[in-house]
Amino acid sequence: MKRVCIIGISGKLGQYMAELALERGYEVVGVCRPESTGKLARFGERITLHPGRTNDREVIRKALRGCDGVLTVLVPWGVEGYATGTAQAVLDHAEPDARLVFSCGWHISRDGKDRHPWKLRAFVAVFGRIARLLRFADLEDQVEAARRIFALDRDWTVVRGSDLEEGPSEGLPVWARHVGDPVLSSNRTRRIDFARFMVHALTDPALIREAPAIVGCNTPSARAAAGKDADA
Ligand SMILES: NC(=O)c1ccc[n+]([C@@H]2O[C@H](COP(=O)([O-])OP(=O)(O)OC[C@H]3O[C@@H](n4cnc5c(N)ncnc54)[C@H](OP(=O)(O)O)[C@@H]3O)[C@@H](O)[C@H]2O)c1
């Protein structure tokens, strides 16, 4: 892994990923909306920016040239298929052997075997409907984006984040294949550690074609699971 592109680099997750990728010695390329480039001023010449909307296929094509890894922040903003357009542009223009890592939330399901907490189900039902009505966001768009990724025989990972919080890193989150696994029940991850997991996924072959649902490694549910393992 030498050169990575971060699609949506100006957001909170994107900026954390940029810091972590630079720490690892990667060359960092990024795409963000033109109006957001100022948020990245502190990186100066340490990153190469391609300003543009993340579903702009021409911008993505140029940015992904020569990249071994692509970290994509999938967001469901608007009702014009922004997440699907972003994912499709990445899938179409990434180098054939590039590692592709996408972010989303627990509400995405790969095989329908997740058991979502009632609060999340209620949030998706209520927020999803209101957001779509107000044309503010479309959660189904993120679902469709993920469906297209899952269908491909490429080296992808779709990282599904729990509820997020700010704060110093606690370490690499733990993960499970399905929401509903007791290890995840604390439903809390530091955003910096979400970013850590995304960057880690670039070089972990065990995560290829997986959709890990993550939780902070220091949360009560993760600690309880680790304790049980130690007893065993
Ligand atoms: N927030 C949570 O609690 C939560 C929970 C679980 C999973 N996740 C996942 O974590 C990832 C990062 O989410 P986040 O909430 O932490 O946000 P974030 O990192 O701050 O990223 C938000 C992204 O959305 C872009 N954006 C904002 N408004 C937009 C608009 N109107 N049109 C197009 N792009 C827009 C931002 O670009 P600009 O910089 O240009 O504004 C930025 O790239 C997402 O994949 C999300 O699904 C979030």
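Just so it is clear, none of the values below were taken in a lab; they were calculated from the coordinates. Quick caveat, the model's predicted, so the values are computed rather than measured. Neighbour counts run over all protein chains shown; Cβ positions are idealised from the backbone, glycine included.
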Ranked from highest to lowest mean number of other Cβ atoms within 10 Å per residue, what is the order of the peptides 52-65, 129-142?
-> 52-65, 129-142
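Take the Cβ-Cβ distance between Phe150 and Lys2 as r, set R0 to 22 Å, and report the resulting FRET efficiency rounded to the nearest 0.05.
That pair, Phe150 with Lys2, gives E of 0.20.
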Net charge near Cys5: determine it from the other residues with C-beta under 13 Å of the C-beta of Cys5, scoring Lys and Arg +1 and Asp and Glu -1.
-> +3
Potential lengthening between Arg129 and Glu23 on full extension [0.36 nm per residue; Cα-Cα distance subtracted] | 34.1 nm
For the chain, what is the calculated [θ] at 222 nm in deg cm²/dmol (nearest 500), taking -39500 (n - 2.57) for each run of four or more DSSP H residues and dividing by its residue count?
-> -11000 deg cm²/dmol
Can you list the lysines whose alpha carbon is less than 21 Å from that of Lys39, not counting same-chain residues fewer than 8 positions off?
-> Lys12
Cysteines without a disulfide-compatible neighbour (Cβ-Cβ under 4.7 Å), the chain | Cys32, Cys104, Cys217
Spacing of the two label points (7 Å from each Cα toward its C-beta) at Glu166 and Asp204, in nm = 2.6
